[in-house]
Amino acid sequence: MRFRQVHLDFHTSEAIPGIGSQFSRSQFQNMLRIGHVDSITVFSKCHHGWAYHPSEANTMHPHLTFDLLGEMISAAHEISVKTPVYLSAGLDEKLARRHPEWLCRDAEDRTRWARDFMTPGYHEFCFNTPYLDILLAQIHEVVSNYDADGIFLDIVGIRECRCQYCVAALREAGQDPRDKAAVAALGERTYLNYTRRVRGTVDAVKPGLPVFHNSGHQLRGRRDLAHVNSHLELESLPTGGWGYDHFPLSARYVQSLGMDYLGMTGKFHTSWANSAGISIQMRCASRRHSA
Ligand SMILES: [Zn+2]
């Protein structure tokens with residue numbers, strides 16, 4: 001793993017014009033050099049669901065006119081900076097409005113993140129639905145078409161879901177969708193199936209390419225869940241409600257897991273490490289320790 005990494009988090013709605021219109025290869029490279037950055041996570045797909053490159057598995061942002069992902073990768077690689085690639089996995093707002101039946105639902109049929117479609121915000125997908133195949137095709141396209149140095153998948157984890165796909169799966173297994181333990185167990189199976197299929201999709205093109213599934217926190221006592229990742233990236237947003245104790249405790253815990261990890265705090269464009277929904281974020285990360 002590289003030592004000094006930036007995670008360029010980029011979420012732009014279709015209402016924002018001129019995406020990347022002032023992108024300058026030389027300025028991009030100069031900023032990386034000035035910051036002594038040797039790895040930058042660049043973006044294929046954002047929470048709004050758009051691709052930042054020509055795509056058949058997804059749709060390019062309507063106000064982007066060139067291959068921004070390809071340009072960033074080529075600029076970074078020219079100066080020996082690595083480029084893992086980010087895809088928003090759990091959130092894809094353009095698709096959420098076309099397929100609300102693929103979203104996570106609670107017992108009252110409310111969605112996750114924004115509770116309904118009259119409340120502004122994103123809506124999280126269930127991976128026990130046809131959405132998983134769409135996401136895997138998007139991952140396959142990026143790994144096939146671009147020289148990604150890793151894949152970073154955001155907004156994922158074990159969920160308790162009662163969407164109609166999950167309800168049907170429980171009933172088929174002779175279980176009761178009102179049984180909390182059965183719902184929780186299905187959530188684990190759904191997540192582990194997703195991580196297995198991502199690994200298979202990536203390995204079919206580039207065996208062993210690093211993959212990280214970002215759940216935000218490392219669950220104590222669940223080494224099996226940590227090891228679905230090739231390494232760990234400890235997101236920690238002190239003033240985003242997580243507190244200043246979050247990073248040191250997480251870092252100390254993962255030292256016992258025998259995995260490489262890096263620490264990642266955040267600078268959002270109007271605040272420091274606040275987890276409010278902001279269109280452009282930048283996260284700096286440096287590896288503190290290699291187990
Ligand atoms: Zn579900």
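Here, each number is a calculation from the coordinates, and none is a lab measurement. All values reported here derive from a predicted model rather than from experimental measurement. Quick reminder, even Gly has a Cβ in these numbers, built from the backbone with ideal geometry, and neighbours come from all protein chains shown.
A simple packing score, the average count of other Cβ atoms within 10 Å per residue, orders the peptides 260-270, 242-252 as 260-270, 242-252, with the highest score first. Treating each Cα of the range 213-261 as one equal point scatterer and applying the Debye formula with no solvent, the log10 of I(q)/I(0) at q = 0.21, 0.29, 0.31 Å⁻¹ comes out as -0.69, -1.22, -1.33.
Here residue 144 and residue 25 are evaluated by their C-beta separation; at R0 = 25 Å the FRET efficiency comes out at 0.60.
Looking at the chain as a GNM with Cα springs under 10 Å, which of 55, 256, 144 has the largest mean-square fluctuation? In this elastic network of the chain, the residue with the biggest mean-square fluctuation among 55, 256, 144 is 256. From the alpha carbon centroid of the range 150-208 to that of the range 58-125 is 19 Å. With distances taken between every two different alpha-carbon atoms, the range 15-89 has a Kirkwood hydrodynamic radius of 12.9 Å.
Between the helical axis of 131-145 and the longest alpha-carbon principal axis of the chain there is an angle of about 20 degrees. Only helices enter the 222 nm calculation for the chain: every DSSP H run of n ≥ 4 contributes -39,500 (n - 2.57), and dividing by all residues gives -9500 deg cm²/dmol, rounded to 500. A cut-off of 5 Å between modelled amide H atoms, ignoring neighbours fewer than 5 places along the same chain, links residue 51 with 59, 60, 61. Residue by residue, the range 83-98 carries 3J(HN,Hα) couplings of 9, x, 10, 8, 10, 6, 8, x, 10, 7, 5, 5, 6, 4, 7, 7 Hz when phi is fed to the Karplus relation 6.51 cos²θ - 1.76 cosθ + 1.60 (θ = phi - 60°); x denotes Gly or Pro.
For the peptides 106-117, 5-16, 83-94, 186-197, the ranking by packing is 83-94, 5-16, 186-197, 106-117, with the highest mean count of neighbouring Cβ atoms within 10 Å listed first. Kirkwood hydrodynamic radius computed over the range 21-165 comes to 16.4 Å, based on all pairs of distinct alpha carbons. Our Cα-only numbers for the range 64-144 put the radius of gyration and Dmax at 16.3, 52 Å. Residue ranges 161-171, 199-209 sort as 161-171, 199-209 when ordered by packing (mean number of other C-beta atoms within 10 Å per residue, highest first).
Please list log₁₀ I(q)/I(0) at q = 0.09 Å⁻¹ for the chain, using the Debye equation with identical point scatterers on the alpha-carbon positions. Rounded to two decimals, the profile gives -0.43. Note on the chain: with a GNM built from Cα contacts shorter than 10 Å, the maximum mean-square fluctuation among 103, 257, 234 falls on 257. Beta bridges assigned by DSSP with both partners in the chain are antiparallel in approximately 50 percent of cases.
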